[in-house]
Amino acid sequence: MDISRGGVGVRRRIEEGNMELKETHKAGLSSASHASMLDKRDWTNESTETGNTPTELQEPYAPHSDAEEDELHRRRHWCNVAYWENRTRVGRMYTVFNDHVNIFLELPHGNGFCLGLLHRENRSEPVVRTRMKIGCGLTLSLESDGVWAYNRSNYALFVNSLTLNWPPSRTFRVCRIEPGFSLKIYDFAKSKLLELDKREPQPPDGPINTRSIQISFIKGWGPRYSRQFITSCPCWLEVILSPPR
């Protein structure tokens, strides 16, 4: 299993971001100057459905012009992310264009998919407790060998994808990512082998989305846990990868 104390690509981006913040603070720049120093690619990590996630360092959100909308649709997105609370999806799908995205409840000086902005009435107590612990959440990073997840929170993440169930079997495997660690949660080489397997007859319980990843905050599920299904977890993500070019 490819698990490490921060993947190379992910760790590099985290360190670069921290260095930018430290240098800007040391220089005593205004917030406007601070924002102009940030990598512009971080500002374009928008959802075609939810728009920008407002943060202290982002420009105020404004509706896109027709030309900007056309340009947005021409750009290639590599995944969509949905946030779920048990069996209910909250908010719209978040479309990711950059090669990395932060997903968080509260992340000072960060941008990406802010779960704190997704409101829902009458949340259950387990959901409220779990949301309070999401904090800085995680970073998803698109690398040459696959998709990596870096746990930036203070609590464990639990992940399942078809390429983590290796060798392929009818049972599934849920992997745990401790705080400060990263894991390759989707392997492109294994995915190609699974695509070839599509030519074989599908199992009797129906077809499987080979490009889907499930990530649960804090609570695990599966054969080794009391929760047998991901829909029993209070707060979780569904990452749907775009088809390869």
- Message: Quick check on residue 119: is it more than 22 Å from residue 242 (Cα to Cα) and at pLDDT below 95?
- Response: yes
- Given the conditions (1) more than 13 Å from the chain's Cα centre (by Cα); (2) polar (S, T, N, Q); (3) farther than 20 Å from residue 211 by Cβ, which single one is not true for residue 102? (1)
- Item | Condition check for residue 129: closer than 22 Å to residue 219 by Cα and assigned to a strand (DSSP E or B) | no
- Give the residue that is surrounded by the most Cβ atoms within 10 Å (Cβ to Cβ), with candidates limited to residues of the stretch 196-245 that are of a type in the set (Val, Ile, Thr) and either on the phi > 0 side of the Ramachandran plot or modelled with pLDDT under 95 (or both). 218
- Query: Among the residues of the stretch 171-190, is there at least one that is more than 20 Å from the chain's Cα centre (by Cα), of a type outside the set (D, E, K, R) and either modelled with pLDDT of 95 or more or assigned to a loop (DSSP other than H, G, I, E, B) (or both)?
  - Reply: yes
- Being touching a Lys or Arg at 6+ places or on another chain (Cβ under 8 Å), surrounded by fewer than 21 Cβ atoms within 10 Å (Cβ to Cβ) and over 20 Å from residue 211 (Cβ atoms), is that true of even one residue in the stretch 138-151? no
- Message: Tell me the residue from 152, 129 that is at pLDDT 95 or above, in contact with a Gly (Cβ under 8 Å, 6 or more places away or on another chain), basic (Lys, Arg) and farther than 18 Å from residue 189 by Cβ, please.
- Response: 152
- Item | Residues within the stretch 79-97 that are over 11 Å from the mean Cα position of the chain (by Cα) and surrounded by fewer than 21 Cβ atoms within 10 Å (Cβ to Cβ), tallied | 10
- the stretch 154-185: number of residues that are polar (S, T, N, Q) and surrounded by fewer than 20 Cβ atoms within 10 Å (Cβ to Cβ): 4
- Okay, strands (runs of 3 or more DSSP E) sitting entirely in the stretch 72-116 with 1 or more residues that are without any contact (Cβ under 8 Å) to a residue 40 or more places away in the chain and under 18 Å from residue 230 (Cβ atoms), I get 88-96
- Are there any pairs, at least 6 apart or on different chains, whose C-beta atoms fall under 7 Å, with the first in the stretch 226-245 and more than 10 Å from residue 86 (Cα to Cα) and the second basic (Lys, Arg) and at pLDDT below 95, and if so, which? 240/211; 241/211
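The values are calculated or read from the model by the stated rules, or taken from the named source; none is laboratory data. Predicted model only: the values in this text are computed from it and were never measured. All Cβ positions, even for glycine, are placed from backbone atoms using ideal geometry, and neighbour counts span all protein chains on display.
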